[in-house]
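Taking it in order: structure first as structure tokens, then the write-up.
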Amino acid sequence: MVEASRNLFAQRRPAALRYSLLLGSFLLSVGLLLFAVVDLRRGFLLPPSLYTKVGSPSAVLYLHPLHLLLLLAGLLGSVGLYRALARGEREALAAGTDLRRARNVTAGVLLAALVVDLFVYRGVQAARVAHAGTLGVSFAFPVASFPWWARPVAEAVNYLLVVWHATVLGIVIGGLLLVLLHTGAFKGLERMLASRGLRAHVAGSLLALPYPFCSCCAGPVGASLSRAGTSLEALLSFLVASPMLNLTTLALATALLPAPYALLRILGGAGLAVFGAYLVVRALGASGRAVTYRPRPWMERLARLLALEQGLVEWDARTPASFVAAWLRTSWRLGRVAVPVLFLAAVLTGALAPVIVSFAGRNDLPSTLLAAAAGTLLMIPTWTELAVTRPLIQQGMTGPAAALLLTLPAVSLPSLVVVGMALGNYRPCALLAGAVFLAGILAGVAFGGL
């Protein structure tokens, strides 16, 4: 009996080694693909003179022939190795091998790789901005050259072109988190996100620190979390903290803003993410997922569009290959709903922006109110609030500047729409927008001496 067991172990050991090499090679190929894409977006691998830059005033793409080789190697390697991995798993499952531990390792490595990719994407640009001491607004093409009636659509297209990398990362990270929570691979994360009360607000805010998203990109992640059993406390805090408290934004605020405004940006962001979201949940009259409401039929239909967890029922996801398949399918389903919603909301905010901004222009209470309203509704790429508010501070428009500093990054119409769809009710999102708007007014009154 002992000899038979030794023989069986000897037979399985080479197969396990081959499988481990396949899995490691697959993850390296995915890492190569991510590396190629982030260099295509930021251009840090080679000397700046070797890149062909697309976009103005700061490049939206950095093009080099090396990218084609890296992209092909990463893509073909990922696809080929995935297929080999799936074949090996079928044989392993037939032999009764449990691959859930390998699945958990794969999930952890993929999540870490995506977070690192996101930090490189944000960190390279943050380092350049800190070195230059200035921050501009990026354009993929000259939006101002379009006629007034077409400009909202042009601005929406430009916005998605500028933030496409972060949007894709937001979608795939959201899909990955949903599959992770569905499979129960990380019980600690699941318990943290399902907690209630003030502790949940702190947990949601801490979870957001590694995710330097703008509000629009945080929306798809929040939608996934809401469908995965995350408490309302943690969800609302994550939604605000991701654009407000991520480490790269806080570092730039400290470097580029006068000390009182940098302090407002940091402490105000923490206050909104934790205590502002806490007050919203309290105003709803309940705690976390215990909040009860009866969605109207049209909202139920919208919510079903983002009921991505229903599609996971047919995916076993016990192995690395099946986990990857479930992740990609979930991300695709999330993206094909979230991107059109973000685009339509961006068109709407592009139409509203000139109307709101045209009434502002002074350091008084009406201008501060309009600035707080505009900041709550409009969407911007990460850090753009620093580029907008810094000249306002220098021009003495301290009230509107302080209001925009809190409201612009915290939420936006697109992010609120996507999360409201996932929840099946817009009341929590409306109350959150009201809390952000009120915080902006209070900051504007305090800093503007109004």
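The values are calculated or read from the model by the stated rules, or taken from the named source; none is laboratory data. Values in this document were obtained by computation on a predicted structure and should not be read as measured data. Remember, those area values only see protein heavy atoms, side chains included, never the ligands or the DNA or RNA. Shrake-Rupley method; radii C 1.70, N 1.55, O 1.52, S 1.80 Å.
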Shape metrics for segment 325-442, restricted to C-alpha atoms - Rg then Dmax, Å:
15.9, 55
Calculate, for the chain, the solvent-accessible area per residue in square angstrom, rolling a 1.4 angstrom probe over the heavy atoms of the protein chains.
44 Å²
One-quarter of the Cα convex hull surface for segment 53-187, in nm²?
12.2 nm²
Computed ³J(HN,Hα) along segment 226-242: with the Karplus parameters 6.51/-1.76/1.60, θ = phi - 60°, integer Hz and x for glycine or proline, the list is 5, 8, 9, x, 5, 5, 5, 4, 5, 5, 5, 5, 4, 4, 7, 6, 4
To the nearest 10 degrees, how steep is helix 320-357 against the longest Cα principal axis of the chain, on a 0 to 90 scale?
10 degrees
Roughly how tilted is helix 164-183, in degrees to the nearest 10 and between 0 and 90, from the longest Cα axis of the chain?
50 degrees
Scale the Cα Rg of the chain by the rule-of-thumb value 2.2 N^0.38 Å and send over the ratio, two decimals.
1.04
Using a probe of 1.4 angstrom, how much of the accessible area of segment 38-123 is carbon and sulfur, in percent?
68 percent
Hey, if we sort HIS201, HIS182 by accessible area with the 1.4 Å probe, largest down, what's the order?
HIS182, HIS201
Sum of -39500 (n - 2.57) over DSSP H runs of 4+, divided by residues of the chain (222 nm, nearest 500):
-24500 deg cm²/dmol
Counting only protein heavy atoms and leaving out ligands, DNA and RNA, the solvent-accessible surface of ARG83 at a 1.4 Å probe, in Å² to the nearest 10, equals 150 Å²
